[in-house]
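Report on the structure given below.
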Amino acid sequence: MSSAYDWIEKALDTIHRADWYRQTRTIRGRSGAVIELDGRSLINFASNDYLGLAADERTIEAAIEATRVYGTGTTGSRLLSGHRDIHRDLETAIASLKQTDGAIVFSSGYLANLGTIACLVGRRDLIFGDKYNHSSLKNGANLSGATVREYAHCNLEDLERQLREYRREYRHCLILTDTVFSMDGDLCPLEGLLDLADIYKCMVLVDEAHATGVMGENGAGCVEYFGCTGRELIQMGTLSKALGGLGGYVAGSAKLIDFLRNRAATWIYTTGLSPADTAAARRAIEIVRQEPDRRVLLHRNTEFVKNNLRDFNLLPSESPILCLALSGPGEALEWSRRLLDRGIFAPAIRPPTVPTSRLRFTFMATHEPHHLQTLVDAIREIANGNGEL
Ligand code: PMP
């Protein structure tokens with residue numbers, strides 16, 4: 001007998017046939033530059049833990065200590081019983097790093113984007129988003145009820161053309177962009193984008209998920225890297241990548257933060273960030289500020305691989321995310337498998353996540369020279385075997 005759920009099996013078949021099927025892989029123990037997967041030790045080029053803080057003894061200790069003092073959960077929404085002094089300390093630390101009036105922490109970066117975008121715009125408003133924006137910006141835009149228009153990736157001419165054509169028909173306008181594009185590694189043209197926003201009276205929300213702790217002299221992100229600190233904009237980021245924990249944040253003017261505390265449903269109607277996550281992120285920010293050498297090493301590691309693979313089809317990148325462009329999902333999966341055979345963990349990134357298939361490598365400050373050399377040698381070997389060079 002047929003059931004109302006039969007379509008799910010067919011949908012899964014379709015996903016399989018398109019080579020779009022994904023599975024979780026269980027990593028044993030702590031994640032670092034080297035991981036243990038299926039009983040094998042692998043060099044890890046798939047982590048967002050850019051500075052190696054997810055397994056740093058100091059962030060671990062901070063989480064344990066906070067759990068002892070405050071317990072495992074915050075037991076309620078921040079506006080009811082879920083607010084603690086450590087939340088305030090973390091938000092102050094983020095605002096200080098970002099040099100903004102204030103900051104607010106959410107349970108994840110994804111929720112920070114969904115909740116914030118929905119507060120800023122609605123049915124009478126207009127959103128412009130870069131075509132390659134992260135899913136959380138795209139879904140946030142679609143859920144907000146505003147009219148959503150995409151502009152070509154990093155293309156300010158296209159953005160301006162559309163601003164000229166459509167801006168005046170709407171009340172508020174919001175421009176959304178990743179600063180480091182998560183699946184490509186390139187950077188948004190921030191200064192020009194902010195100038196356009198000034199001219200056409202638009203708000204700007206930048207997603208600093210992959211920039212926080214990674215870009216800029218103090219690790220404050222691309223806003224710092226591009227010398228735009230102090231300009232009026234909304235900065236969102238995550239505690240889950242270079243900061244090594246879990247949670248998201250928004251930093252900006254005191255009024256914006258106050259407004260979000262009163263209107264952001266994904267902050268108001270959810271339990272306050274756990275003591276462990278809150279304290280670990282607070283400690284991670286201290287380390288980001290006190291140990292700039294980690295950032296220097298991270299970028300040096302990325303440059304080493306980039307320089308040694310100059311003759312390959314690498315996508316343009318100015319961040320620790322480097323992609324090797326491949327012809328399709330099948331080829332990307334095959335490369336990923338062959339790297340795995342050589343002790344290297346690097347995921348194939350395929351449609352529908354991105355428009356074109358690729359291998360994506362993320363680098364860490366804690367990668368050692370021999371890890372990087374092994375990657376370069378393996379890629380050359382696979383390419384030669386394939387007749388790719
Ligand atoms: N924005 C970008 C650009 C991201 O890459 C991610 C994480 N993949 C997020 C937002 C969501 O952050 P979180 O993992 O904290 O939910």
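The values are calculated or read from the model by the stated rules, or taken from the named source; none is laboratory data. Just so it is clear, the model here is predicted, and its values are computed rather than measured. Every residue, glycine as well, gets a Cβ built from its backbone with ideal geometry; the counts of neighbours run over all protein chains shown. Keep in mind that these areas ignore ligands, DNA and RNA; they rest on the heavy atoms of the full protein, side chains included. Shrake-Rupley method; radii C 1.70, N 1.55, O 1.52, S 1.80 Å.
General remarks:
- Residues in region 165-187 that are open to solvent by 70 Å² or more (accessible area, probe 1.4 Å) and touching a residue at least 12 places away in the same chain (Cβ under 8 Å): Glu169, Arg171, His172.
- Only one entry of Ala211, Ala197 meets the criterion of being under 25 Å from Pro347 (Cα atoms) and among the small types (Gly, Ala, Ser), and that entry is Ala211.
- Per-region count, region 188-207, residues in a loop (DSSP other than H, G, I, E, B) and surrounded by fewer than 19 Cβ atoms within 10 Å (Cβ to Cβ): 3
- Boolean, Ala209 is farther than 20 Å from Ala118 by Cα and either away from the ligand (no atom under 16 Å from the Cβ) or among the hydrophobic types (A, V, I, L, M, F, W, C) (or both): no
- Here Arg358, Arg380, Arg338 are screened, and the one residue that is surrounded by 15 or more Cβ atoms within 10 Å (Cβ to Cβ), under 22 Å from Asn133 (Cβ atoms) and out of contact with any Ser or Thr (no Cβ under 8 Å at 6 or more places or on another chain) is Arg358.
- Residue check for Tyr225: within 16 Å of the ligand (Cβ to nearest atom) and either out of contact with any Asp or Glu (no Cβ under 6 Å at 6 or more places or on another chain) or within 20 Å of Gly73 (Cβ to Cβ) (or both): yes
- Residues that are more than 19 Å from Ala264 (Cβ to Cβ) and among the hydroxyl-bearing types (Ser, Thr, Tyr), drawn from region 121-135: Tyr132
- Leu97 of a type outside the set (D, E, K, R), open to solvent by 20 Å² or more (accessible area, probe 1.4 Å), under 30 Å from Lys201 (Cα atoms) and in contact with a strand residue (DSSP E or B) (Cβ under 9 Å, 6 or more places away or on another chain): no
- Applying a threshold of 9 Å to beta carbon distances and a minimum spacing of six or more residues, or different chains, the list of pairs starting in region 114-138 at a residue that is without any contact (Cβ under 8 Å) to a residue 12 or more places away in the chain and ending at one that is more than 10 Å from the ligand (Cβ to nearest atom) and open to solvent by less than 20 Å² (accessible area, probe 1.4 Å) reads Lys138/Gly129; Lys138/Leu176.
- Strands (runs of 3 or more DSSP E) enclosed by region 60-177 - at least 2 residues per element that are of a type outside the set (Ser, Thr, Tyr) and within 16 Å of the ligand (Cβ to nearest atom): 102-106, 126-130
- Leu333 more than 22 Å from the chain's Cα centre (by Cα) and either on the phi > 0 side of the Ramachandran plot or hydrophobic (A, V, I, L, M, F, W, C) (or both): yes
- Selection of first residues in region 201-218 that are within 15 Å of Ala365 (Cβ to Cβ) and acidic (Asp, Glu) and of second residues that are away from the ligand (no atom under 15 Å from the Cβ) and open to solvent by less than 10 Å² (accessible area, probe 1.4 Å), restricted to Cβ pairs under 9 Å at least 6 apart or on distinct chains, gives an empty result.
- Any chance Pro316 is in contact (Cβ under 8 Å) with a residue 60 or more places away in the chain and more than 26 Å from Gly140 (Cβ to Cβ): yes
- Test: Asp158 is open to solvent by less than 50 Å² (accessible area, probe 1.4 Å), free of Cβ contacts under 8 Å to residues at least 60 places away in the same chain, of a type in the set (D, E, K, R) and at negative phi: yes
- Region 334-363, subset over 17 Å from Leu37 (Cβ atoms) and of a type in the set (S, T, N, Q), residue modelled with the lowest pLDDT: Thr353
- When the residues of region 122-143 are filtered to those that are closer than 18 Å to Val250 by Cβ and in contact with an Asp or Glu (Cβ under 8 Å, 6 or more places away or on another chain), the one that is surrounded by the most Cβ atoms within 10 Å (Cβ to Cβ) is Leu137.
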